[in-house]
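K.L.:
Have a look at this one before I ask anything.
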């Protein structure tokens, strides 16, 4: 009685190739298919990583522009209403001083 491995050996010229016992494919062919699949997965991962990097850079730029616009808007409002801005700053400082506990409290 022959084993499964002996049954799948196919003589080709002077070299013997061992095939898959279940599907009959050549081991070298399977290796090449696996290598192609790994290369495709690497390419897909690389593309996804590159897209993520591009999206993060765009988000960073948008955030930077939003902060710059907010600072310009605040400067403009302070110039238009200096006493109102001073009152808001004083009220904010007083509220923070009241809400934040002192570290030197005995």
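K.L.:
Across segment 88-106, what is the number of residues that are modelled with pLDDT under 95, over 42 Å from the mean Cα position of the chain (by Cα) and not in a loop (DSSP other than H, G, I, E, B)?
P.N.:
2
K.L.:
Taking segment 71-87 on its own, how many of its residues are exposed (fewer than 11 other Cβ atoms within 10 Å of the Cβ) and more than 43 Å from the chain's Cα centre (by Cα)?
P.N.:
Summing the residues that are exposed (fewer than 11 other Cβ atoms within 10 Å of the Cβ) and more than 43 Å from the chain's Cα centre (by Cα) in segment 71-87 gives 3.
K.L.:
Could I ask something else about it? Test residue 55 against the criterion of being assigned to a helix (DSSP H, G or I) and at pLDDT below 95, and give yes or no. Show your work before the answer.
P.N.:
Working: assigned to a helix (DSSP H, G or I): yes; at pLDDT below 95: no.
Against the criterion (assigned to a helix (DSSP H, G or I) and at pLDDT below 95), residue 55 does not qualify.
K.L.:
If you check every pair at least six apart or on different chains, which have Cβ atoms under 6 Å apart with a residue in segment 19-33 that is at negative phi and surrounded by 12 or more Cβ atoms within 10 Å (Cβ to Cβ) first and a residue that is assigned to a loop (DSSP other than H, G, I, E, B) and at pLDDT below 85 second?
P.N.:
Partner pairs satisfying both residue conditions: 19/8.
The values are calculated or read from the model by the stated rules, or taken from the named source; none is laboratory data. The shown structure was predicted, so the numbers you read here are calculated from the model rather than taken from an experiment. All Cβ positions, glycine included, derive from the backbone under ideal geometry; neighbour counts span all protein chains shown.
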